[in-house]
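A.B. asks: Below is a structure I'd like to ask you about.
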Amino acid sequence: MTQFDNHPVLAGRGLVKRYREVNALDGVDMTVWAGEVVAIVGPSGSGKSSLLHVLSGVLPADGGEVFLGGKPITTLGEADRSLLRRSAFGFVFQAGLLVAELTAEENAALPLLLSGVPRGDALAAAGEWLARLGLDGLERRRPGELSGGQAQRVAIARAMVHRPRVVFADEPTGALDSRTGQEVVTSLLHATRQTGAALIVVTHDRAVASRAQRVVEMRDGRVSSAAAA
């Protein structure tokens, strides 16, 4: 654990998510502590990404509750969930999902810009995070001018720029070679450790999972095991 793990920051209780007649989540309970790094693993179709999406408010639960800092967020409307995703949560996806027309610093500044932070302040904060992640001098490059690893570090800067309480990473190394993937994971761990944010990583890569403090294994929409890495 870390110096930040003195209270639960995020919790799911009895989470259910249905797609037609199939329960992608079938009564899942999960607690994440402040500053903790949790890896969610399991075979394809086990419910890993569904759990991440429900915990983060990307998808509404069909049953159960999600709590952020002890307060229920499951019943929030889409506008409030969207605000939550721009303020309390950060996201890193497999392909980065950067906006091709924007520069690296504009991509990193997006959560602040969308929240109404003045452009100069937002770009300054984004530039600080890009520098922390070793991207000094690349602020004006667009995604097509970056390597895969560089683009993922821009995505990490975007996830961290508003200092979220929880960062969700969905297969963040899936499109990278193993060496670059480990470098990206190191950057992600370092960034969240600096701010005390909890990190939840969905991954097929056992090398990535081994760097978490706790590994949660999913099977058939349920947690089959949870143990220290």
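The values are calculated or read from the model by the stated rules, or taken from the named source; none is laboratory data. Worth saying up front: this structure is predicted, and the values here are computed from it rather than measured. Here the Cβ positions follow ideal geometry from the backbone for every residue, glycine too, while neighbour counts run over all protein chains shown. For accessibility, only protein heavy atoms count, side chains too; no ligands or nucleic acids. Shrake-Rupley method; radii C 1.70, N 1.55, O 1.52, S 1.80 Å.
A.B. asks: If I ask for residues that are in contact with a Gly (Cβ under 8 Å, 6 or more places away or on another chain) and either on the phi < 0 side of the Ramachandran plot or open to solvent by 20 Å² or more (accessible area, probe 1.4 Å) (or both), which ones from segment 39-55 would you list? Spell out how you get there, then give the answer.
C.D. replies: The initial filter retains those residues of segment 39-55 that are in contact with a Gly (Cβ under 8 Å, 6 or more places away or on another chain), namely 46-48, 50-51, 54-55.
Of everything in segment 39-55, those that are in contact with a Gly (Cβ under 8 Å, 6 or more places away or on another chain) and either on the phi < 0 side of the Ramachandran plot or open to solvent by 20 Å² or more (accessible area, probe 1.4 Å) (or both) turn out to be Ser46, Lys48, Ser50, Leu51, Val54, Leu55.
A.B. asks: Kindly indicate which of Arg158, Arg165 is in contact with a Pro (Cβ under 7 Å, 6 or more places away or on another chain) and either modelled with pLDDT under 95 or not hydrophobic (A, V, I, L, M, F, W, C) (or both). It would help to see each step written out before you state the result.
C.D. replies: Working: Arg165 fails: in contact with a Pro (Cβ under 7 Å, 6 or more places away or on another chain).
Every option except Arg158 fails the conditions.
A.B. asks: Would you confirm whether any residue within segment 68-78 is outside any loop (DSSP other than H, G, I, E, B) and under 17 Å from Ala191 (Cα atoms)? First the steps, then the outcome.
C.D. replies: Let us first name the residues in segment 68-78 that are outside any loop (DSSP other than H, G, I, E, B), namely 68, 71-72, 78.
Now restrict to residues that are under 17 Å from Ala191 (Cα atoms): none.
The answer is no; no qualifying residue exists.
A.B. asks: What's the number of the condition Gly221 fails, among (1) open to solvent by 10 Å² or more (accessible area, probe 1.4 Å); (2) farther than 21 Å from Ala159 by Cβ?
C.D. replies: Of (1) open to solvent by 10 Å² or more (accessible area, probe 1.4 Å); (2) farther than 21 Å from Ala159 by Cβ, only one is false for Gly221: (1).
A.B. asks: Oh, and also: Would you check which residues across segment 113-146 are without any contact (Cβ under 8 Å) to a residue 12 or more places away in the chain and either farther than 20 Å from His162 by Cα or surrounded by 17 or more Cβ atoms within 10 Å (Cβ to Cβ) (or both) and list them? Reasoning before the result, please.
C.D. replies: Of segment 113-146, the ones without any contact (Cβ under 8 Å) to a residue 12 or more places away in the chain are 113, 116-121, 124, 128, 131, 136-137, 145.
Scanning segment 113-146 gives Leu113, Val117, Gly137, Glu145.
A.B. asks: Which residues, taken from segment 180-206, are buried (at least 21 other Cβ atoms within 10 Å of the Cβ) and among the β-branched types (Val, Ile, Thr)?
C.D. replies: Val184, Val185, Thr192, Ile200, Val201, Val202, Thr203
A.B. asks: Let me ask something else about it. Quick one: how many residues across segment 91-112 are open to solvent by 20 Å² or more (accessible area, probe 1.4 Å), over 14 Å from Pro164 (Cβ atoms) and not aromatic (Phe, Trp, Tyr)?
C.D. replies: The total comes to 10.
A.B. asks: I'd like to verify a number: residues in segment 56-90 that are more than 25 Å from Val22 (Cβ to Cβ), open to solvent by 60 Å² or more (accessible area, probe 1.4 Å) and of a type in the set (D, E, K, R), how many?
C.D. replies: Selection size over segment 56-90: 3.
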